[in-house]
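As structure tokens, the structure follows; a few thoughts come after it.
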Amino acid sequence: MGTKTVDETGVKTDEHKTDEAAEAAEAAGTAGSTEAAEATEAAGTADETGTGTPDTLDGTGTPEDVDVTGKTDGADGAEAGATGVGQGAGAVVSAGLGIVSLTGSWVGTVASARESLMGQLQTSSSSNVGTLIEKGYGNAWQATAMWGGVFALVALIVGVVVLARPAFGAPGRPQAPWIKSVAWAGVALGVIGLLLAVLKYTDVLLGLPSTG
């Protein structure tokens with residue numbers, strides 16, 4: 001017969017050897033399929049996470065789409081810096097004009113002296129005391145009050161423009177706290193100066209002395 005049997009010493013037959021070879025081949029095929037599936041899955045994961053080869057590089061390794069985010073951020077920072085400088089200067093100007101409206105300016109002094117001189121030229125020794133006071137002092141004081149009111153009004157307008165600037169032309173950019181503080185100071189001084197100028201011009205505050 002063609003079939004060999006296993007003797008008592010443990011020698012395997014040809015049939016057993018054939019079965020073992022088939023099992024080994026099947027195991028090797030299964031291992032190869034498993035490794036191929038794992039390699040395919042790993043490649044897909046790399047593509048999803050962006051760790052694969054960038055599509056922006058051509059054959060020479062030169063990026064086709066250059067990232068200009070850094071340059072854009074630099075331009076935005078320069079523009080924001082220029083805007084901040086302008087707003088800071090406007091706030092300081094507003095506060096300065098508010099102070100000038102309260103303390104007086106050379107323009108107001110010259111206008112007052114001019115009105116006083118014109119009053120003296122328009123009056124004579126025969127004029128009554130009321131006319132002398134009104135022409136010599138009243139008009140001069142009103143001129144001073146008028147120019148003080150002009151400076152106060154300009155300070156108020158500049159301060160309001162600085163405070164409203166972020167809402168027009170530069171939305172979303174926070175304004176520096178010191179700019180807000182100085183601008184509000186200019187607005188407050190402008191309001192006070194304008195109020196005092198109106199009261200003085202209308203003789204409600206520090207009016208002319210009575211001659212009666």
Cβ-based net charge around K180, under 14 Å, with every Lys or Arg adding one and every Asp or Glu removing one: +2
J(HN,Hα) series, segment 130-146, from Karplus relation 6.51 cos²θ - 1.76 cosθ + 1.60, nearest Hz, glycine and proline x: x, 5, 4, 5, 5, 6, x, 10, x, 5, 5, 5, 5, 5, 4, 5, 5
Residues A89 and W184, FRET efficiency given R0 of 22 Å [Cβ-Cβ distance, rounded to 0.05]: 0.90
Largest-first ordering by accessible area, 1.4 Å probe, given options S181, S94: S181, S94
V187, V160, reordered so the largest accessible area comes first (probe 1.4 Å): V160, V187
Computed Kirkwood radius, in angstrom, where 1/r is averaged over Cα pairs of segment 142-195: 11.8 Å
Sum of side-chain charges, T123 neighbourhood, beta-carbon under 11 Å (Lys, Arg +1; Asp, Glu -1): 0
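The values are calculated or read from the model by the stated rules, or taken from the named source; none is laboratory data. Just so we're clear, the structure is a prediction, and the values are computed from it rather than from any experiment. Backbone-built Cβ (ideal geometry, glycine too); neighbour counts: all protein chains shown. Ligands, DNA and RNA are stripped out before the accessible areas are found, and what is left, the full protein with its side chains, is counted by its heavy atoms. Shrake-Rupley method; radii C 1.70, N 1.55, O 1.52, S 1.80 Å.
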